[in-house]
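No value in this document is a laboratory result; all are computed from the given coordinates. Small disclaimer: the values here were computed from a predicted structure and weren't measured. Glycine gets a Cβ as well: all are built from the backbone with ideal geometry, and neighbour counts include every protein chain shown.
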Amino acid sequence: MSDHEGNPWKTLATRAIYDNPWINVREDQIIRPDGKPGIYGVVHFKNHAVGVLPVDDDGSIWMVGQHRYPLDMYSWEIPEGGGPPGEDPLETARRELVEETGLVAAEYERISISHLSNSVSDELATVFRATGLTHGPSEPEGTERIEVRRVPWPEAWRMVRSGQITDSMTVIALFHEAIRRGQKWD
C-alpha cells in the first residue's frame, strides 16, 4: 500500500473546545500514524472562503487594504469574504466584490480551489477572476475599514514577489494571473 492510500490516523474521541458563529475548535484524542497516542486540534470554518481578482481592461488589478486583527498588521489583498453553507461561491464573490470595492463584473472565471491551512483547519477557498468591471458605491461591513486601490500589474507582481502581499488567496490569485500573462519571475 502506498502512502497516499488510506487514512493512517485513528480518532478515539472528540471534544468541542470553542464555538462562535464563524469557527469551532475541537480537540481529538488520536492514534498517530506511528501508532502512538496523541492529540490533534482542528479549526472548522463554518463559511466557505471566497476571493475575487478584479482585472481592469488595461490589466490593472483592484485590491483592498485593511488592518488584519489576528496579524496586527496592514494587508493588501484581493476582495475576500465568507459564504454561508449552501451559498454558491459565485454569489459570494459577486456580493463581496460590490461590498468591498463597489465594482460589478460582467464575467467571472473560477481560477482556484484550495485548502488554506490544511495542517490545522478545514478552510476551503475558491478564487474567481472578474472582468468587464463597472464602478459603483461600495458597501463595507461594520468590521471593515477598507482602502480600495487600482494597482498596475507590474506593481502588483512586484508586491507579491517582494513579500509585501502575504494573504494566501491573494498570492494564489496573482500567481494564476502571472501564469495567464506569461509573466517571468524577474
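Quick one: longest stretch of the chain between exposed loop GluC sites (Glu not before Pro), exposed meaning at most 15 other C-beta atoms within 10 Å and loop per DSSP? Numbers along the way, then the final one.
Values: sites that count: GLU5, GLU87, GLU141, GLU144.
The answer is 6-86.
Amide H to amide H, with H built 1.01 Å from N, HIS48 comes under 5 Å of GLY83, counting only residues 5 or more places away or on other chains.
For the chain, complete DSSP H runs whose alpha carbons reach 18 Å or more along their own long axis and whose mean Kyte-Doolittle score is -1.0 or higher are 168-181.
Springs between Cα atoms under 10 Å define the GNM used for the chain, and in it the highest mean-square fluctuation of PRO85, PRO54, PRO152 occurs at PRO85.
Note on GLN29 and HIS115: with the Förster distance fixed at 41 Å, the Cβ-Cβ geometry gives a FRET efficiency of about 0.95.
Between ARG149 and THR14, the FRET efficiency from the beta-carbon distance, with R0 = 30 Å, is close to 0.10. Once backbone amide H atoms are built at 1.01 Å from N, LEU53 has PHE128, ARG129, ALA130 as its partners under 5 Å, excluding neighbours fewer than 5 places away on the same chain. Charged neighbours of SER168, selected by a Cβ distance under 14 Å, balance to -3 (K, R count +1; D, E count -1).
Highest mobility in the GNM of the chain, judged by mean-square fluctuation with C-alpha springs under 10 Å and restricted to GLY83, GLY65, GLY35, is found for GLY35.
When the chain is treated as a GNM with alpha-carbon contacts under 10 Å, the residue of GLY136, GLY102, GLY82 showing the greatest mean-square fluctuation is GLY136.
Roughly how far apart, in whole Å, are the Cα centres of the stretch 102-144 and the stretch 1-62? Answer, in whole Å: 20.
Of the chain, which part is the longest with no trypsin sites (Lys or Arg not before Pro) in a loop (DSSP not H, G, I, E, B) and with at most 12 other C-beta atoms within 10 angstrom? Excluding the exposed sites themselves, the longest stretch runs over 1-144.
Would you kindly calculate the translational diffusion coefficient of the stretch 1-131, applying Stokes-Einstein with the Kirkwood radius from alpha carbon pairs, for 10 °C and a viscosity of 1.306 mPa s, and quote it in µm² s⁻¹ without decimals? The estimated diffusion coefficient comes to 93 µm²/s. The equivalent ellipsoid of the stretch 64-105 has semi-axes of 22, 14, 6 Å, largest first, where each one is the square root of 5 times an eigenvalue of the Cα gyration tensor. Residues whose amide H lies under 5 Å from that of VAL151, counting only those 5 or more places away or on a different chain, are ILE61, TRP62, MET63; hydrogens are built 1.01 Å from N in the peptide plane.
For the pair ASP56 and VAL104, what calculated FRET efficiency results from E = 1/(1 + (r/R0)^6), where r is the Cβ-Cβ distance and R0 = 22 Å, to the nearest 0.05?
E between VAL104 and ASP56, to the nearest 0.05, is 0.95.
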